[in-house]
Every structure is written in C-alpha cells, then in structure tokens.
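Step one of this worksheet: look at the structure below.
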Amino acid sequence: AQTVTQSQPEMSVQEAETVTLSCTYDTSESDYYLFWYKQPPSRQMILVIRQEAYKQQNATENRFSVNFQKAAKSFSLKISDSQLGDAAMYFCAYRSDNTDKLIFGTGTRLQVFP
Amino acid sequence: DSGVTQTPKHLITATGQRVTLRCSPRSGDLSVYWYQQSLDQGLQFLIQYYNGEERAKGNILERFSAQQFPDLHSELNLSSLELGDSALYFCASSVDISGNTIYFGEGSWLTVV
C-alpha cells in the first residue's frame, strides 16, 4: 500500500524568506501524481501545485515550486518570498494512476513571522 | 472558490442521530469523493462515485452510506452517530478518473454531542 510521510509537524519562516517542506512517499508504481494542498484556518483544502511522475521537470506555480526526486521518492515544496497569507497546514498527497483516491500525509503547519 | 459546494457548513447533533451532508460537484465533474478529517485519523478517504456508480471505497463505516444522483450531486448519510464521528467532512470532485486534479469543497463541520 502506498504511504505518504511528512516528517516536519511544524515549520516557521520569516516573511520574504524561503522555506522548504519535506514529503516522502512509498509506492511500487511507476505512474502516479503528487500534490501539495494548503489548508488555511478557514479549513478549505486549496490545491497549491501538482506533479506528474512521468515528467522530469519540476512543477512551478509562481512562488511555489517542487523538488521531485523520483528515485528517492521525495517531493518537497519550496515557498519563496514567503507571505503572511502562506501560513497554513500543508498536506502532501499521492494519487495512483490506476486508483482515484488521494492518500495524504499528516501535514506540516507553517507559521510565517513578520 | 473551487466550485464544489457543500451544505451544511456546520452541524451539531446528538449521539444516535442521523444526518445527511450534501455536495454539488464542479460543473462538468463526473467524479465525487468524500473525505473525513479528524484530529486522530487525519485526512481519510471514505468513498468515491463516478457518474452515479460507486467506484471505490475506503475507510467508510457501515453506519455511513453515500450516493450520487442523476444530476451528479452527492449525499453522505451518517447514522447512529457517535462522539467519535465528530469531524470535518469534505466533498471533492474531478472531471474524470484519469488522474486529473481533485478539487475540494469547504467542508461540513459535524459536531456530535
């Protein structure tokens, strides 16, 4: 069975600085998708970024980028120029190519200090 | 706004009662998912429907059931409620079942007292 591990329960960063959130996963499959979701205090789950395993190029969305290391089964999220609004829980998630459900990690709470 | 609509947003009910949570997926999305988020279990997949048919089941209790209607909206029915059922219940949807991004609603916060 696939598993997703987020080993950092909490992280903090100063405004305008860069922070990296870690995620590792375990799978025997070769085709899959990885996601980072943000959950602010409002509790809504907001998609931050998505990566297809078959793509070697790391995904980027404005200030958010990932470091996808397929062989190491690692999928970290880098937030550049951190803003106060980035404070939230961040969940890493895995989706197999032949099942539809998302498997989530336990989340990392990110605090942003002015 | 993800386009996924859930009602009610908050619900308080007593143990032993039954509640129904409703979800309207994004326009054009055929696949609907239900997830439960609780403090002790984290985010757990409950069940998925695709175009009216059940497609996948996760850690859904026998006291819980769901369905997807011809207009593609979905309902999650929770019965014989226990204190431990208190959680945030998310509905999510995606266009189809081939790896597309899953978009989440704002959740229905259920408190069982």
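The values are calculated or read from the model by the stated rules, or taken from the named source; none is laboratory data. Not measured: the values here are computed from a predicted model. Cβ: placed from backbone, ideal geometry, glycine included. Neighbour counts: every protein chain shown.
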#### Entry: Residue count, the stretch A:76-114 (criterion: in a loop (DSSP other than H, G, I, E, B) and more than 22 Å from B:Ala92 (Cβ to Cβ))
6
## Note on the structure
By residue number, the members of the stretch B:52-78 that are within 14 Å of another protein chain (Cβ to nearest Cβ), over 11 Å from the mean Cα position of the chain (by Cα) and either crowded, with 16+ Cβ neighbours inside 10 Å or not polar (S, T, N, Q) (or both) are B:Glu53, B:Glu54, B:Arg55, B:Ala56, B:Lys57, B:Gly58
### Query
Only one of (1) over 22 Å from A:Pro40 (Cα atoms); (2) buried (at least 19 other Cβ atoms within 10 Å of the Cβ); (3) touching a Pro at 6+ places or on another chain (Cβ under 9 Å) fails for B:Tyr103. Which number is that?
(1)
### Query
Which number in (1) modelled with pLDDT of 95 or more; (2) more than 21 Å from B:Gly42 (Cα to Cα); (3) in contact with a Ser or Thr (Cβ under 8 Å, 6 or more places away or on another chain) marks the one condition that A:Ser12 misses?
(3)
### Message
Testing B:Gly16 on (1) surrounded by 15 or more Cβ atoms within 10 Å (Cβ to Cβ); (2) touching a residue at least 24 places away in the same chain (Cβ under 8 Å); (3) in contact with a Ser or Thr (Cβ under 7 Å, 6 or more places away or on another chain); (4) assigned to a loop (DSSP other than H, G, I, E, B), one condition comes back false. Which one is that?
### Response
(1)
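If you check B:Tyr35, B:Tyr89, B:Tyr49, which single one turns out to be assigned to a strand (DSSP E or B), within 14 Å of another protein chain (Cβ to nearest Cβ) and either under 21 Å from A:Leu34 (Cα atoms) or among the charged types (D, E, K, R) (or both)?
On inspection, the qualifying residue turns out to be B:Tyr35.
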### Query
Does the stretch A:91-113 include one or more residues that are within 12 Å of chain B (Cβ to nearest Cβ), over 13 Å from the mean Cα position of the chain (by Cα) and over 19 Å from B:Phe104 (Cα atoms)?
yes
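Tell me which residues, restricted to the stretch B:27-42, are surrounded by fewer than 23 Cβ atoms within 10 Å (Cβ to Cβ) and under 13 Å from A:Ile103 (Cα atoms).
So in the stretch B:27-42, the residues surrounded by fewer than 23 Cβ atoms within 10 Å (Cβ to Cβ) come out as B:27-30, B:37-42.
Within the stretch B:27-42, B:Gln37, B:Gln41, B:Gly42 meet the criteria.
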### Query
Which one of these does A:Pro41 not meet: (1) under 13 Å from the mean Cα position of the chain (by Cα); (2) free of Cβ contacts under 8 Å to residues at least 60 places away in the same chain?
(1)
### Task
Name every residue in the stretch B:3-13 that is assigned to a loop (DSSP other than H, G, I, E, B) and either of a type outside the set (Gly, Ala, Ser) or surrounded by 17 or more Cβ atoms within 10 Å (Cβ to Cβ) (or both), in order of residue number.
B:Val4, B:Pro8, B:Lys9
#### Entry: Members of the stretch A:11-58 that are among the charged types (D, E, K, R) and under 13 Å from A:Asp86 (Cβ atoms)
A:Glu15, A:Glu17, A:Lys38
### Query
How about the stretch A:53-82: which of its residues are within 20 Å of A:Thr3 (Cβ to Cβ) and either of a type in the set (A, V, I, L, M) or in contact (Cβ under 8 Å) with a residue 12 or more places away in the chain (or both)?
A:Ala53, A:Val66, A:Asn67, A:Phe68, A:Lys70, A:Ala71, A:Ala72, A:Lys73, A:Ser74, A:Phe75, A:Ser76, A:Leu77
